[in-house]
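> One structure is given below, represented as structure tokens, and several questions about it will come after.
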Amino acid sequence: MPVHTFILNGKRVSVDVADDERVLWVLRDVLGVNGPKYGCGLGVCQACTSHINGKAFNPCSVPISSIRSSDRITTIEGLPATVGKPLHPMQEAWLELDVAQCGFCQPGQIMSAVALVEEARAKRRKVSDADLDALRNVCRCGTYPRVREAIKAGEARMPKAKRKPAKPKAKPKPKPKPKAAAPKRP
Amino acid sequence: MSANEETQMTDLEHRRPGGAGEPGAESPVDPDGATGITRRRLMGYLLAAPTLVAAARWDTEEATAAVPTVQLTNTLDLSDVLTAAALPTASLISVTVNPDGTVSFALPRAEVGQGITTAVAMTIADEMDVPLDKVKITLADARPELLFNQFTGGSNTMHSIFTPVRMAAATARGQLMRAAADELSVSTWDLRLREGVFSTADGRTATFGSLAEKAAVSRTVAVTPRLKTQHSIVGTDQRRIDAQDIVTGRKIFAMDLDVAGALPTMVCRPPTINGRALGVDNAAEVLAMPGITDVAIIPHSQQVPGGVAVRGKTFGQCVEAVRALKVRWGGSSVSGKSDASVLADLRKAQLPFTPPLPGKTIDETFTFHFRPGDPLETNCAVADVRKDRAEIWSCLKSPILAKQLEVIVMPPTTDTPGGAGEFGVAASMAAVACAYGRATGRPPTSFPINHGGELGFEPFATVPPIPASPVDGLAKAGVKRPKKKRARKAPSKKKKAPSRRRAQAKTAD
């Protein structure tokens, strides 16, 4: 079987699995990283939501062959390290508002929340109600109202200093957009 | 807090607890106001152990009955019945004070998000005047001796367990106070208790931890503790005690358990109700698939939702194997029926309504199709089945029921996982895992596929047993991948790609 390598929670890992093995099984069954939960395996419930290069994705829906050696995959276990603290500000907000009930969907909720805030910041705006409406992480306990509150609280807590190094990366992205939009104007 | 503890102690070594003529039984606590249950008296017990262990017991008039006779006039609702059913074994749950100053309690219920571990921790912290974070709640192993006292349901946990837990905690507090008085050479009247520390007027202190072993008893003793009259933590807003584990992804669910030798296992369920697997046409072929170690038929019964199980190194491999299975199904109890025919039968069976009453009437018919409620967590149980015993790891709301379902539940298990979304894991999952273990001699992780199947209901329509996991996750996430680079890393797709082009070319020709 081919060896696949990528960066998982800041550390390089190599796994010997078939090309079509979905990343979720690589994380859970091969590497023993259980934060991303197996809810549906169909990219619907979002319980496995993790980050690839800072963007939210569902590992259940990505074959390992799609992952490059330079890809940085972050699961809930590696989230605090991205801010160099014992807990990510979003996790702190989650605790403060006592969001969780059974907890099964919550790692995915938090990973989606962090990515949502980063995405909004890349667009130089705050998370809107429309953004929150677009979240698709399923919660069987119905913690949605607290999830929404916590995302806004977490957004306020997320360090702005950390944004600056991210901005130069984010800035070039908005630039091509005007270029793309420019042909539309005339 | 009041330092006065009115207690009476009795040597019970050769006597039945709560027996007639016992001092403890003569001066019972009767917390009727808390539970609404009458004719029962609550006793505290100190249990013989290396460290302080305290329990409570409902002393009932029919104390020897395994299940109390509950007069319907005394019961208000399901919860009262469940509470009454839990009474006879309430003495078997106990609070332990540890030398490190923590207080531990193994809750004989399933925590599936209701927050009962937090509520019980609050109850104990309140009654013992110990900080909430010093109370450690675990989930108890299956304990058949608890009978109906290990059933999670009917929104009954706090109803049934609140007072016994308080009694056990109050018994422990009283004994700690006696030990502290002895240790500090003062009367219990001269002690103050705050945050798990006893202190005297002249500033000397004794902690719960330092007293844990000193307060232990070598013979089981009955006491009559006094419950606190004012709550300091109960009724206040507290966060879940498992919140930290949840937000960091450390909370363990059944599927996260790492049991030596256990591998992912999935069950291909029949496409019809009560269908049974007659045979597998391509068992050898499926067994040869990557990672697959076993293919086994699980006989279907009323208790065990059977099918064909596959065991592999990853769930992904199991998904592929289940999809590849060619199973001959038979024995459905609904052959020839459909949603429409069932609905028609129901309409025929419907009793005619009473004649219209005077005035305006509205006559409408509404059809509600059955929808099983499922947790988000995939149902899962790990079973280690041996010739003479079996061990199950799962989040079962009725482990005793699991036992009735031909599952042998043997303590001790080290990790009792939490469960998700109200339902916990259906007991039949443990049965499936056990049946699989018997069929293959393997300790599997059992994961039945059809949501709802574990409740005994399945869709009528014949559907593919399980869809393949998607492959477009990166595109959906907005991660762009140039096709050339992707092709380099996926040689198998590279091979397929030209063939598709050729096929297209041929059709174009």
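What follows is calculated from the coordinates using simple rules that are stated; it is not laboratory data. These numbers come from a predicted model, not from an experiment. Positions of Cβ are generated from backbone atoms using ideal geometry, with glycine treated the same way; all protein chains shown enter the neighbour counts.
> What is the local net charge at A:LEU116, summed over the other residues whose Cβ is closer than 10 Å to its Cβ (Lys, Arg +1; Asp, Glu -1)?
Working: positive: A:ARG121; negative: A:GLU118, A:GLU119, A:ASP131, A:GLU155.
Once positives and negatives cancel, what remains is -3.
> As a quick test, which of the pairs B:LYS134/B:LYS251; A:LYS55/B:LYS397; B:LYS134/B:LYS228 have an alpha carbon distance above 30 angstrom in this structure?
Flagged as over cut-off: A:LYS55/B:LYS397.
> Considering amide H positions built from the backbone, and no H for Pro or chain starts, which residues 5 or more places from B:LEU396, or on another chain, come under 5 Å of its amide H?
So B:LEU396 has HN proximity to B:VAL425.
> Oh, and also: Using θ = phi - 60° and the Karplus curve 6.51 cos²θ - 1.76 cosθ + 1.60, what whole-Hz ³J(HN,Hα) does each residue of segment A:47-62 get, with Gly and Pro shown as x?
5, 9, 3, 9, 10, 10, 6, x, 9, 6, 8, 9, x, 5, 10, 10
> Let me ask something else about it. Among residues other than B:SER199 whose Cβ falls under 14 Å from its Cβ, what is the net charge (Lys/Arg +1, Asp/Glu -1)?
That sum, taken over residues with Cβ under 14 Å, equals -2.
> Let me ask something else. Could you list which residues have their amide H under 5 Å from that of B:ARG276, counting only those 5 or more apart in sequence or on another chain, with H placed in the peptide plane?
So B:ARG276 has HN proximity to B:GLY330, B:GLY331, B:SER332.
> Going by amide H atoms built from the backbone, whose H comes under 5 Å of the H on B:LEU263, apart from near neighbours?
Excluding prolines and chain starts, which carry no amide H, the hits are B:THR445.
> Per the helix-only calculation at 222 nm, which mean residue ellipticity applies to chain A, given -39500 (n - 2.57) for every DSSP H run of n ≥ 4 and division by its residues, nearest 500 deg cm²/dmol?
-9500 deg cm²/dmol
> With the cut-off at 32 Å, tell me which of the pairs A:LYS126/B:LYS313; A:LYS37/A:LYS126; A:LYS152/B:LYS476; A:LYS11/A:LYS152 have Cα atoms farther apart than that.
A:LYS126/B:LYS313
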